[in-house]
Amino acid sequence: MRNRTSESTPKHTTEAFVAGENRAITQAFTKACRYCNGEHWSDECKRYKTIDERKKRLKGCCYKCLKDNHKAKDCKSTRICTYCKKVNVHHRSLCDKRFQINQNLESANLSNEVENVENTESENKTLENEETGLLSYNENVLMQTAFTEITNARNRQSEHVKLMLDCGSHRTYVSQSLADRLNLEVNGEQSIHLITFGSRNKKVIQTKSTKIDIKLQNGEYMTLTANIVPNITGTISRKAVRLKSQSKFDSLTKDLILADNIPTQNETETLDLLIGNDYYLDIVQTEKIEVQQGLYLLATKFCWMLSGRTEVTDEYDSSDMNMLILNYGNNVTKTNVFTKADSVVPTKPDIEDFWNVESIGITTERENTDDQIVMQHFKDTLKREDGRYQVTWSWKRDIDELPENRGLALGRLKSLVTRIERQPELKQQYDDVIQDQRAKGVIEKVDKCAEYGYKHYIPHHVVITPTKSTTKLRVVYDASAKTRADNKSLNECLYRGPVKLHDLCGILMRFRLHKIGIVADIEKAFLQVGLQPLERDVTRFLWLKDINTSIVNEDNIQEFRFARVPFGVISSPFLLGATIECHLDS
């Protein structure tokens, strides 16, 4: 894994540079700018910077494709603007969003970036010999590195440097120090989006571009366009390679030339050139030889590269093993992975988590909580009539805001009937469920005009689970339905209540105390708990009187309400659990 650290530590980090939308003016173009005839894209014209100036240059030509043989109203182009994604509206060089992007890019000041680098030079000098990469435990990864000659194409000044191939980088980068040593010529500027490891934010900076020649194995030179950056990375630490069979490796490499030496001991090196994915496939060839599991010899135009993972040597210092832990500062390990914390990396552990013992059932009692109010209300209102417990809803103070919403329930019923009309068997099963609940006293008929308190309707739909052995068709009631976004739903007017599920750890421990364990299930448990009459009108719902007709009007609609606790209301799990506990306590 390649180490990438905070964007505020440019001296000793491996940073991910992503090329922006802007292109360098050094690239070759097949068409000139439509406005100034320069060698750049029309939308990157710096001479005519406003839409009005560019439209004057077009002189009545088409604003969509920039051609001069017709006008915009007659244009048949179907081009998509790359900035606002609109189709056949305007050319991308005339897009308002493009000019907003340009303004944002111009506001980025590279001098601030360079100043930050200079301010940290003295601080980072003490870290030059330290490990700067994140390591995997018991694993050593060899990157694709090579040692070759870099030449200034203009004055043929050259130097042998270490480079690395990185297909995860969009562009190729050369360090400022190498550019100064070779007196590389600056050919243009380019906007770069800088993204660091562990961070979601990005910074836009201006970098200079240049051309360099790199020497290949066959003696020829390959010209690359690279961006000049203050530093590509800090020192690279390479661990000694452990091979399972040294003799096999020697026989494989007997007639091969390696692009870089194989480390036999721990060493650190400086990286001056990173070749990104823009030239990666031009250099890496198809041949690959497996040395051992996870370790390969790759054929490249720089000779053969040894890359992959190996086991660490016995001499590997245990203090260097971070096991992919992002640590801060130099007081955790000796690795100094970060010299300054990124905003997304926690710099201080939450000490409270070490002392939190809620998981074993020990909590601090707090007075007048909602759960305590709900529990006390449940105990005060619980009744038992005709051998069945009857409960009430745990209302919040804003119950007056609960709408009647019969229109919503009627609209949802029409949609439901339309959907199941094509499946007569499903429609019949749906009706059988409702009629069975009516026969068992779960629901009851109610007159439309009758009022016993607050009135509210609950829409419903069908859920089919063919794999279940018991209830394959289930009628689901939506107590969260709203007529409008600013209206309250039934669930929003009720307290959820305390969670009555027992701690799983305690259940498992008690289960082991005896020789025989008993598991029981209550059939349709929610529907075994009754609702007191004054609480039932908020659970009204609509259904058809005659299912043999698809007409849904007032003459074919029957209103029902629940006499038991329906599943789907936010308070239902609490009411069931509290009722069972009350019964067991008695």
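So the values come out like this:
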| item | result |
| --- | --- |
| Selection within the stretch 419-450 - modelled with pLDDT of 90 or more and either of a type in the set (Val, Ile, Thr) or more than 27 Å from Gln528 (Cα to Cα) (or both) | Val433, Ile434, Val442, Ile443, Val446 |
| Search result, residues across the stretch 32-56 that are farther than 20 Å from Lys97 by Cα and at pLDDT 80 or above | Cys36, Asn37, Gly38 |
| Boolean, Glu128 is touching a His at 6+ places or on another chain (Cβ under 9 Å) and either modelled with pLDDT under 80 or farther than 16 Å from Leu224 by Cα (or both) | yes |
| Answer from Leu178, Leu165, Leu184, Leu194 - the residue that is at pLDDT below 85, surrounded by 18 or more Cβ atoms within 10 Å (Cβ to Cβ) and among the hydrophobic types (A, V, I, L, M, F, W, C) | Leu194 |
| Members of the stretch 232-288 that are more than 30 Å from Ile192 (Cα to Cα), surrounded by fewer than 16 Cβ atoms within 10 Å (Cβ to Cβ) and in contact with a Lys or Arg (Cβ under 8 Å, 6 or more places away or on another chain) | Asn266, Glu267 |
| Tally, over the stretch 513-556, of residues that are surrounded by 17 or more Cβ atoms within 10 Å (Cβ to Cβ) and of a type in the set (Val, Ile, Thr) | 5 |
| Residue tally, condition over 40 Å from the mean Cα position of the chain (by Cα) and in a loop (DSSP other than H, G, I, E, B), over the stretch 530-586 | 13 |
| Enumeration of residues in the stretch 408-435 that are closer than 29 Å to Glu492 by Cα and in contact with a Ser or Thr (Cβ under 7 Å, 6 or more places away or on another chain) | Leu408, Val417 |
| Matching residues, the stretch 557-577, being over 15 Å from Gln532 (Cβ atoms) and either modelled with pLDDT of 90 or more or not assigned by TED's automatic domain parsing to the domain that holds Gln435 (or both) | Ile557, Gln558, Glu559, Phe560, Ile570, Pro573, Phe574, Leu576, Gly577 |
| Ser550, sole failed condition from (1) hydroxyl-bearing (Ser, Thr, Tyr); (2) under 25 Å from Gly407 (Cβ atoms); (3) modelled with pLDDT of 90 or more | (3) |
| So Leu408, is it farther than 17 Å from Gln558 by Cβ and in contact with a strand residue (DSSP E or B) (Cβ under 8 Å, 6 or more places away or on another chain) | yes |
| Cβ-Cβ under 8 Å pairs, at least 6 apart or on other chains, the stretch 258-275 side not assigned by TED's automatic domain parsing to the domain that holds Val161, far side buried (at least 22 other Cβ atoms within 10 Å of the Cβ) and among the hydroxyl-bearing types (Ser, Thr, Tyr) | none |
| Scan of the stretch 238-280 for residues that are out of contact with any Ser or Thr (no Cβ under 8 Å at 6 or more places or on another chain) and of a type in the set (A, V, I, L, M, F, W, C), ordered by number | Phe249, Leu252, Leu256, Ile257, Leu258, Ile262 |
| Subset of the stretch 86-100 (residues that are under 18 Å from Ile51 (Cβ atoms) and either of a type in the set (D, E, K, R) or free of Cβ contacts under 8 Å to residues at least 40 places away in the same chain (or both)) | Lys86, Asn88, Val89, His90, Arg92, Asp96, Lys97, Arg98, Gln100 |
| Output for the stretch 50-67, where each listed residue is surrounded by 12 or more Cβ atoms within 10 Å (Cβ to Cβ) and assigned to a loop (DSSP other than H, G, I, E, B) | Cys61, Cys62, Tyr63, Lys64, Cys65, Leu66, Lys67 |
| Residue pairs meeting the criteria (Cβ under 6 Å; at least 6 apart or on separate chains; first under 25 Å from Tyr430 (Cα atoms), in the stretch 471-493; second in a strand (DSSP E or B)) | Leu473/Ile464; Arg474/Val463; Val475/His460; Val476/His461; Val476/Val463; Tyr477/His460; Ala479/Val569 |
| Residue in the stretch 449-499 that is nearest to Asp521 (Cα to Cα), counting only those that are charged (D, E, K, R) and surrounded by 13 or more Cβ atoms within 10 Å (Cβ to Cβ) | Arg474 |
| Single unsatisfied condition, Lys248 versus (1) part of a loop (DSSP other than H, G, I, E, B); (2) over 15 Å from Phe147 (Cα atoms) | (1) |
| Search result, residues across the stretch 251-303 that are out of contact with any helix residue (DSSP H, G or I) (no Cβ under 6 Å at 6 or more places or on another chain), under 20 Å from Ser158 (Cα atoms), assigned to a strand (DSSP E or B) and of a type in the set (D, E, K, R) | Glu269 |
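The values are calculated or read from the model by the stated rules, or taken from the named source; none is laboratory data. All values reported here derive from a predicted model rather than from experimental measurement. Using ideal geometry, Cβ is built from the backbone for each residue, glycine included, and neighbour counts are taken over all protein chains shown.
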